[in-house]
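The values are calculated or read from the model by the stated rules, or taken from the named source; none is laboratory data. The structure presented is a predicted model; accordingly, all values stated were derived computationally and were not measured. Neighbour counts run over all protein chains shown; Cβ positions are idealised from the backbone, glycine included.
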DNA sequence: ACCTGAACACCGTTCAAGT
DNA sequence: ACCTGAACACCGTTCAAGT
């Protein structure tokens with residue numbers, strides 16, 4: 001009933017992201033977001049089609065933080081590395097949003113810009129279309145999968161308390177049944193996600209630049 | 001009130017998977033599953049801790065379908081390829097479950113067995129622990145990420161009607177803003193997920209067997 | 001011990017009404 | 001035209017009671 005307090009879609013978007021960052025996905029609902037914005041739940045529908053649309057807005061807020069580096073400075077490998085790393089860091093900066101990022105299909109300008117710049121960088125390596133598609137698939141799969149693994153994989157990453165707890169659990173499994181896994185859980189205790197990401201990505205790029213068949 | 005109809009956790013698990021396979025994730029709720037089993041919702045809590053536990057059961061039903069091949073038949077690369085492909089195929093056979101698989105951390109025997117056998121295969125290539133961890137991370141990230149991309153990536157896979165629609169949408173973007181993406185959307189029309197998965201995985205394995213630094 | 005209906009505290013969204 | 005409260009059809013889960 002007429003508080004003029006009409007807010008922009010942009011403030012809604014960032015309020016939603018802030019809620020998820022702070023309290024996890026369960027902290028975001030039409031009602032909780034409306035309360036945050038000091039309005040009624042139904043008012044949100046003036047800015048957003050439905051809950052799914054709100055989720056996409058949150059995903060896009062994260063992807064919008066990706067700073068795609070200016071093109072073609074060094075080798076194509078370095079450029080691809082810069083883009084992939086930028087995406088991974090932005091995603092990783094919002095761990096609570098990762099389930100949304102993994103499961104929502106975005107077609108926003110931010111997400112298309114990332115895809116386009118990655119393709120442009122890869123195209124500099126001289127490939128047929130088919131090879132370019134393969135390279136694009138491999139890299140995007142790896143980046144998203146690496147973020148996924150940090151959230152849900154069997155071998156914990158990083159040195160947080162939670163990661164160390166997880167490692168301890170896996171290390172405590174019967175070593176005769178899981179000889180490698182238990183050893184690797186110990187190794188994962190020294191995990192440095194940034195370095196591991198770089199090493200994995202380098203291996204992938206090496207493989208993608210090898211002889212074509 | 002004593003229909004004796006006590007059912008096993010196993011039938012509950014497969015009924016839940018069947019509901020998701022048939023009707024998507026939204027078709028599975030405590031109430032819908034109970035109805036399927038011709039009982040009341042609260043009866044489920046005799047077999048399952050909570051909804052999260054039910055989700056894990058569904059994830060595990062899929063991972064339980066992975067047939068890990070017998071070890072050490074050919075080269076380590078072929079063995080790793082066999083395992084990765086088996087996982088990917090099982091996941092892909094249940095597309096509606098993918099969001100759950102990506103976001104739930106399982107520690108079930110099925111999931112641990114997969115991880116252990118993948119590590120065992122990789123260990124045959126002769127690596128330090130640190131290199132083994134890197135290789136494991138790269139491959140699991142890739143497999144999960146590839147499944148994720150088929151569900152939510154910008155370039156559609158396969159020749160289904162839906163995939164073709166999606167490709168058409170991306171192809172219809174302004175080509176001066178998205179020169180590579182629009183071309184690749186056309187290329188993706190010929191997409192053969194199985195072949196692309198193999199090509200990407202081969203590149204990754206090539207990279208992982210290259211010179212260490 | 002195992003089972004289960006009623007009730008509670010949430011959801012997203014429709015609808016009809018406000019200005 | 002924009003806003004919004006009440007109400008509806010769902011959720012997962014607590015609680016108390018059945019056998």
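When residue B:12 is tested against (1) surrounded by fewer than 18 Cβ atoms within 10 Å (Cβ to Cβ); (2) over 26 Å from residue B:143 (Cβ atoms); (3) in contact (Cβ under 8 Å) with a residue 40 or more places away in the chain, only condition (1) is not met. When restricted to residues that are surrounded by fewer than 17 Cβ atoms within 10 Å (Cβ to Cβ), outside any loop (DSSP other than H, G, I, E, B) and at pLDDT 95 or above, the range B:16-35 contains 8. Quick check on the range B:36-69: of everything there that is free of Cβ contacts under 8 Å to residues at least 12 places away in the same chain and in a loop (DSSP other than H, G, I, E, B), which residue is nearest to DNA strand D (Cβ to nearest atom)? Of everything passing the filter in the range B:36-69, B:50 is nearest to DNA strand D (Cβ to nearest atom). Counting only helices (runs of 4 or more DSSP H) wholly contained in the range B:95-152, the ones carrying 1 or more residues that are out of contact with any helix residue (DSSP H, G or I) (no Cβ under 6 Å at 6 or more places or on another chain) and without any contact (Cβ under 8 Å) to a residue 40 or more places away in the chain occupy B:109-123, B:129-152.
Does the range B:176-192 hold any residues that are under 23 Å from the mean Cα position of the chain (by Cα) and at the interface with chain A (Cβ under 7 Å from one of its Cβ atoms), and which are they? Correct list: B:188 only. Number of residues in the range B:4-35 that are away from DNA strand D (no atom under 15 Å from the Cβ) and within 14 Å of chain A (Cβ to nearest Cβ) equals 0. In the range A:40-54, of all residues being crowded, with 17+ Cβ neighbours inside 10 Å and more than 9 Å from DNA strand C (Cβ to nearest atom), the one that is nearest to residue A:65 (Cα to Cα) corresponds to A:47. For the criterion of being in contact with a helix residue (DSSP H, G or I) (Cβ under 9 Å, 6 or more places away or on another chain), surrounded by 20 or more Cβ atoms within 10 Å (Cβ to Cβ) and more than 16 Å from residue A:130 (Cα to Cα), residue B:197 fails.
Residues are listed down the side, and each one gets a yes or a no for (1) within 11 Å of another protein chain (Cβ to nearest Cβ); (2) within 16 Å of the chain's Cα centre (by Cα); (3) more than 14 Å from residue A:184 (Cβ to Cβ):
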{"site": "B:93", "(1), (2), (3)": "no, yes, yes"}
{"site": "B:123", "(1), (2), (3)": "yes, no, no"}
{"site": "B:147", "(1), (2), (3)": "yes, yes, yes"}
{"site": "B:158", "(1), (2), (3)": "no, no, yes"}
{"site": "B:166", "(1), (2), (3)": "yes, no, yes"}
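Only one of A:204, A:195, A:173 is within 8 Å of chain B (Cβ to nearest Cβ) and either outside any helix (DSSP H, G or I) or over 23 Å from residue A:127 (Cα atoms) (or both); which? Before the answer, list the steps.
Numbers: A:204 fails: either outside any helix (DSSP H, G or I) or over 23 Å from residue A:127 (Cα atoms) (or both); A:195 fails: within 8 Å of chain B (Cβ to nearest Cβ).
After ruling out the rest, the residue left standing is A:173.
Are any of the residues in the range A:79-100 surrounded by fewer than 19 Cβ atoms within 10 Å (Cβ to Cβ) and closer than 22 Å to residue B:192 by Cα? Checked against the condition, which is being surrounded by fewer than 19 Cβ atoms within 10 Å (Cβ to Cβ) and closer than 22 Å to residue B:192 by Cα, the range A:79-100 yields no hits at all.
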